[in-house]
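Below: the structure, in structure tokens.
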Amino acid sequence: NTIYNNATSINGGGIFTTNGTDMVTNNTIYGNKTAIRGGGVHVAGINAINTCANNTFYNNNGTSGGAFYTTDANNTLINNTFYNNNANNGAGIFTVEGTNTISNNILWGSGSSIADYYYVNGPNGNTFTNNLLQLAATHYPTDASLNYGIGAGASGNIFAQDPLFVNATDIDGADNIYGTADDGLALQATSPALNVGTATGAPATDITGTVRPQGAGIDMGAYEKTVIPCGARAGTWAD
């Protein structure tokens, strides 16, 4: 699905779920906004069990949680690309209690302070594994009692390295269709996000349907970089 340019006064500009068991996969969620919580997605409820995988979130806006806001719920956020979302706190991800497994995601292109990317209010049940985060590691302490702590169990994360998107100024690519091979948030061949994701819980395909992995390991973000086999010749040949 493409979910865009929606707005609410309180919760979940694009999607709002409460106490359900939901799969939010292979979506482009952009340009949504809310006056308060979760410009793109808001998930709430102690009985909520949600998987959010292979999505792109960009240009979403909220006071708290520009792209993704969650309260009390149990969420798995894996292989998503968060780009250029905005909020006073947690432009990418904002969590309030709950248990959240956050793996293989790219959080990039928001403001200049730590609060603009990720923010925790209350007890921190988050596990950060193999994500690419925009700021230096010193901005993401392992002390889970802090509002921007990623916890002592964090591992495999990459800090302050440009993910090298193909063309973030043309996110749907030349064909103007989201979720296809020419999308601008796909990764260049020299991206530091290639082959360094965790295979644990990773989706079998990416947002375009490409099988994961293509290389030596799972790529971070919503897009798996297609690898041309050694010896294969791309293009049209004539004798």
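Brief remarks on what is shown
- The C-alpha radius of gyration of region 124-213, expressed as a fraction of 2.2 N^0.38 Å, stands at 1.26.
- Environment charge of G45, counting only residues whose C-beta is closer than 13 Å and scoring Lys/Arg +1, Asp/Glu -1: -3
- If the chain linking I49 and A181 were pulled fully straight, counting 0.36 nm for each residue of separation and taking away their Cα-Cα distance, it would gain 44.5 nm.
- Cβ-placed point charges (K, R +1; D, E -1), dipole of the chain about Cα centre in debye, nearest 20: 280
- Residues whose amide H lies under 5 Å from that of N6, counting only those 5 or more places away or on a different chain, are N32, K33; hydrogens are built 1.01 Å from N in the peptide plane.
- Region 1-85 - Rg over Rh from alpha carbon coordinates, Kirkwood radius: 0.93
- Residue-level accessible surface for I218, protein heavy atoms, 1.4 Å, Å²: 10
- Contour excess over end-to-end distance, with Cα ends at A152 and A168 and 0.36 nm allotted per residue: 2.5 nm
- Amide hydrogen neighbours beyond the local backbone of I15, cut-off 5 Å, H modeled: V41, H42
- A Förster radius of 25 Å, combined with the Cβ-Cβ distance separating T205 from N5, puts the computed FRET efficiency at roughly 0.35.
- Within a Gaussian network of the chain (alpha carbon springs, distance under 10 Å), most fluctuating of G39, G12, G173: G173
- Database remark: amide H of I218 closer than 5 angstrom to the amide H of G197 (H placed geometrically; neighbours at sequence offset of 5 or more, or on other chains; Pro and chain starts carry no H).
- Each Lys or Arg adds one and each Asp or Glu subtracts one; over the other residues with Cβ under 12 Å from the Cβ of N104, this totals -2.
- Over all other residues within a Cβ to Cβ distance under 13 Å of I207, the charged ones net out to -4, with Lys and Arg as +1 and Asp and Glu as -1.
- When the chain is treated as a Gaussian network with alpha carbon springs shorter than 10 Å, the biggest mean-square fluctuation among N88, N79, N32 belongs to N88.
The values are calculated or read from the model by the stated rules, or taken from the named source; none is laboratory data. Values in this document were obtained by computation on a predicted structure and should not be read as measured data. Because the Cβ atoms are built from the backbone with ideal geometry, glycine has one as well, and the counts that use them run over all protein chains shown. For accessibility, only protein heavy atoms count, side chains too; no ligands or nucleic acids. Shrake-Rupley method; radii C 1.70, N 1.55, O 1.52, S 1.80 Å.
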